[in-house]
1. What are the pairs, 6+ residues apart or on separate chains, where a residue within the stretch B:344-365 that is in contact (Cβ under 8 Å) with a residue 40 or more places away in the chain has its Cβ under 9 Å from a residue that is among the aromatic types (Phe, Trp, Tyr) and open to solvent by less than 10 Å² (accessible area, probe 1.4 Å)?
2. Only residues that are facing chain A (nearest Cβ under 7 Å), closer than 22 Å to A:LYS88 by Cα and assigned to a helix (DSSP H, G or I): list them for the stretch B:373-394, please.
3. For the stretch B:501-514, state whether one or more residues are part of a helix (DSSP H, G or I) and touching a Ser or Thr at 6+ places or on another chain (Cβ under 9 Å).
4. Regarding the stretch B:423-443, can at least one residue be identified that is open to solvent by 30 Å² or more (accessible area, probe 1.4 Å), away from every other protein chain (no Cβ under 11 Å), more than 23 Å from A:TYR116 (Cα to Cα) and within 31 Å of the chain's Cα centre (by Cα)?
5. Of a type outside the set (A, V, I, L, M, F, W, C), surrounded by 14 or more Cβ atoms within 10 Å (Cβ to Cβ) and more than 19 Å from B:HIS153 (Cα to Cα), is that true of B:PRO79?
6. Can you work out which of the residues in the stretch B:592-616 that are open to solvent by 60 Å² or more (accessible area, probe 1.4 Å) and not in a strand (DSSP E or B) is nearest to the other protein chains (Cβ to nearest Cβ)?
7. Considering the stretch A:192-244 alone, what residues qualify as being at pLDDT below 95 and of a type in the set (Val, Ile, Thr)?
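The values are calculated or read from the model by the stated rules, or taken from the named source; none is laboratory data. Predicted model only: the values in this text are computed from it and were never measured. Neighbour counts are summed over all protein chains in view; Cβ atoms, including those assigned to glycine, are modelled from backbone coordinates with ideal geometry. Keep in mind that these areas ignore ligands, DNA and RNA; they rest on the heavy atoms of the full protein, side chains included. Shrake-Rupley method; radii C 1.70, N 1.55, O 1.52, S 1.80 Å.
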Amino acid sequence: MIIKEEKKGHIHPITQLLAESVSVFKDLGFGVVEGPEIETEYYNFDALNTPHNHPARDMQDTFWIKPRSKNLLLRSQVSAIQVRYMEKNKPPFKIICAGRVFRNEATDATHEAQFYQLEGLAVSRDMSLANLKGIIHHFFQNLFSKKVEIRFRPSYFPFVEPGVEVDVSCFKCVGKGKECSICKGTGWIEVMGAGMVHPEVFKSAKVDPKKWKGLAFGMGFDRLVMLKYGIEDIRLLYSGDLRFIKQF
Amino acid sequence: MKVSLNWLQMYFSEKIPNAEKIAELFTSHSFEVESIEKISDDFILDIKVLPDRAHYCLSHRGIASELSVIIGKDIKHYPYFLPKLKKTKTQLDIEIKDKKMCRRYIGRVIEGVKVAPSPLWLKKKIETLGGRSICNIVDITNYVMFDLGQPLHAFDADKVKGKIIIRRATDGERITTLDGIEVKLGNDNLIIADEEGPLAIAGVKGGKKAEIDAKTKNIILESANFDPVSVRKTSQKLNIKTDSSKRFENELSPFLADEAMNEATSLVYEIASGEVGKKNDKYSEKAKPWKVKISIKEISLILGVVIPKKEIEKILISLNIKIEKKGENFILTPPVFRLDLKIPEDIAEEVGRIWGYEKIEEKIPIEKGFKPTENLNFIFSNKIKQIFSEMNFSEIYGYSFASSGEVELENSLTKEKSFLRANLSSYLNEKISFNLNHILFEKDPVKLFEVGVVFGKNTEDVHIAFGCGFKNKKFGDGKKEVFSVIEKIFNILGIKETVEKAISEGYLKISSVDNNSIMELKLDFIIKNSKLIPSLDLKTFISKEKKYKKISHYPRVIRDIAIFVPFGTKESDVNLQIKKLAGDWLLEGPILFDVYDKKDEIGKIIKHSFAFRLVFQSHEKTLSDEEVNNVMKKVIEELEKTPGWEARK
């Protein structure tokens with residue numbers, strides 16, 4: 001009798017969730033694009049309506065590349081790809097981009113200096129907040145096997161207006177469970193930042209904001225993976241430890 | 001920003017909702033409330049005010065105005081009681097040398113004040129917000145800042161020599177701040193100075209020289225407005241962050257300065273008495289109102305829902321926005337301190353959030369004008385990952401940071417991570433060796449791969465690296481395994497080149513360290529040389545509902561068990577039995593590693609022997625041999641109860 005060798009090698013949970021997410025967006029007509037990990041300050045900030053010396057820059061800590069005079073950084077958000085893409089591609093379009101981003105923060109169980117984001121950008125003659133809701137709800141509904149709700153909360157990002165935070169209903173406790181470790185009893189989990197593309201961003205890309213409307217959304221992927229599986233420490237995702245990887 | 005519920009209540013004649021309800025309302029319509037804390041008879045809400053609303057909401061009145069719009073109740077306005085003005089002995093002369101950095105400066109002398117500890121109500125207000133009560137004069141300036149959002153400062157007038165000059169510091173000029181720290185200033189820093197030197201770092205922090213102390217008799221109240229960029233630059237460069245610098249760097253309307261001066265004056269007179277002098281108001285860059293044009297149609301388009309005109313008007317009016325109607329358009333004049341309402345989109349946001357985002361119905365957009373192109377990097381890398389996993393290689397994600405490389409970081413957190421990785425092989429090799437410490441059987445290989453970005457002098461490329469290692473040379477060196485997987489990949493993707501050629505031409509790099517063999521190549525090479533675009537079913541990637549268990553760092557205890565069973569007994573049944581009996585400490589297994597069929601004289605199989613490996617581990621402690629032996633004893637006892645099942649020695 002031949003002993004079967006261990007079944008299959010394991011694919012990283014982030015790869016898995018990314019593949020699944022891309023498949024949902026592809027069904028909605030989105031195309032996949034990519035951007036560089038080393039970005040210019042211009043595309044990462046200035047083109048996204050976040051000028052130098054604006055307090056919004058404090059919302060993210062940046063890694064700068066030597067020499068500082070070159071104004072190159074490790075991208076702090078995948079949104080950096082928005083103006084890059086729009087300079088070379090005229091609307092209408094619907095794109096998603098997944099990639100690694102970097103924040104100069106101290107690391108602990110919920111913070112790493114590198115993590116993944118999935119970003120979406122859709123521009124047409126009449127994109128609206130209602131469309132944003134539709135797309136996002138459809139996405140989360142397909143990601144979780146049970147029924148989920150989403151809600152918008154007013155928020156601020158320099159490159160969108162209106163700007164919102166998106167919460168998804170807690171898939172663990174399904175409601176206001178006071179003991180729930182995931183949502184701390186609120187019944188909601190923060191998953192995404194989103195909004196309507198700011199006219200300044202369109203102007204950076206030389207797209208006429210009077211003719212075109214865009215929606216954009218971005219989510220931290222590691223966090224989503226951790227929430228989905230109950231992973232307690234983000235650093236495990238980069239540990240290269242098979243005892244971790246082979247559980248997926 | 002910390003907000004006191006009782007303080008908010010002061011702005012309303014009727015009782016406002018409780019803290020939790022208010023937090024809910026703010027979360028839905030304005031901003032996130034991070035926490036609610038009960039402090040004696042008050043509740044403190046920690047509100048996350050973001051840069052867009054920091055112009056007017058870093059104050060209790062601002063927060064109260066938000067609440068008033070949401071609950072539909074007007075704000076109470078307190079008239080300031082201003083005493084009759086007296087002619088003061090001190091003449092206050094003000095000169096603004098840099099009008100761009102200082103848009104407005106209001107100074108006022110109040111003579112004959114009684115500096116003393118603050119009355120209880122004022123102390124309480126400051127302390128509830130986590131601040132420290134200093135004395136009545138200083139507390140008043142802080143109170144007004146937390147109330148109206150306008151930072152103020154008070155100087156001891158007798159310590160000020162000559163006129164007040166608002167100017168840039170000269171390079172090397174020094175000031176000792178109220179904290180007693182000497183700070184070196186530069187030409188970029190705006191200071192409040194007298195004819196002798198610096199008195200305060202404008203908008204950031206006051207200096208010790210003209211400090212208010214118990215002996216102070218005459219004061220100068222300052223209510224001013226400074227350019228946000230210069231305050232922020234100064235605050236960052238000197239590394240001094242205060243409640244004052246925070247408000248200025250988020251930009252305040254100069255409009256607020258006058259009202260704040262009135263409130264502060266009124267309070268000083270009430271609490272510390274004194275003779276109130278005339279205001280000296282140097283107002284160079286006047287806050288000018290602006291107009292925003294928007295149509296109902298535009299609002300509907302942005303939000304994706306039609307809101308009745310009357311509703312929209314009601315919301316705008318409650319926000320104190322003046323409305324002029326011009327046909328289908330509204331010409332709006334926002335309040336001059338609402339620096340966040342500049343473009344039509346800002347107005348749409350106000351309408352949407354107050355009306356309620358939950359009322360917007362979702363619509364999936366139907367856009368037919370766009371044909372997405374396939375992203376080759378994405379397709380190829382994921383296809384390759386699938387092939388790797390079929391060949392038993394598992395995926396890791398490494399760190400982009402490394403201790404050496406071609407690209408260096410300006411501000412990395414540690415020395416070991418001050419470069420960007422130039423290859424994937426180093427980390428992969430480390431991880432192969434690391435995982436070889438946790439294999440189950442001595443002869444087991446560890447097979448890993450990674451697909452990721454590496455950085456060269458002026459380039460970044462996606463690389464694929466994969467490797468195989470063994471614990472001992474006698475089991476192998478991984479070469480066979482890495483060759484066979486790359487050949488398979490070349491095969492499936494229709495790569496024109498052979499593996500050998502790719503190696504000899506330098507496209508495919510192979511390295512051997514200890515008993516590990518590692519290969520690395522650019523993803524680009526595969527894409528360029530592939531004769532076809534592979535088909536990829538993304539839906540097959542996600543594995544079925546997996547349950548994740550935290551890894552314990554206590555040592556494992558490994559036990560083998562071999563058992564004879566009658567002919568025809570299925571291995572899976574024995575496996576299941578053992579699993580059930582092994583208990584909670586069973587981490588892995590039973591894993592079948594040997595099978596032996598015992599035959600009789602004529603070659604007929606009479607019984608099977610199955611050998612399994614079990615791995616035990618606890619999350620709480622190191623398991624002793626004795627403890628595990630006891631478990632194994634019980635397992636064997638139970639198994640042998642089944643007729644024909646016998647453990648092998």
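1. Qualifying pairs under 9 Å: B:ILE347/B:PHE330.
2. Residues satisfying the conditions are B:ASN377, B:PHE378.
3. No, the conditions are met nowhere in the stretch B:501-514.
4. The answer is no; no qualifying residue exists.
5. No; evaluated as a whole, the condition is false for this residue.
6. My answer is B:LYS604.
7. A:VAL225, A:ILE231
Each row is one residue, and each column tells you yes or no for (1) facing chain B (nearest Cβ under 9 Å); (2) open to solvent by 10 Å² or more (accessible area, probe 1.4 Å); (3) within 25 Å of A:ASP27 (Cα to Cα).
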position: A:ILE136; (1), (2), (3): yes, no, yes
position: A:LYS146; (1), (2), (3): no, yes, yes
position: A:ILE182; (1), (2), (3): no, yes, no
position: A:TRP212; (1), (2), (3): no, yes, yes
position: A:TYR238; (1), (2), (3): yes, no, no
position: A:ILE245; (1), (2), (3): yes, no, no
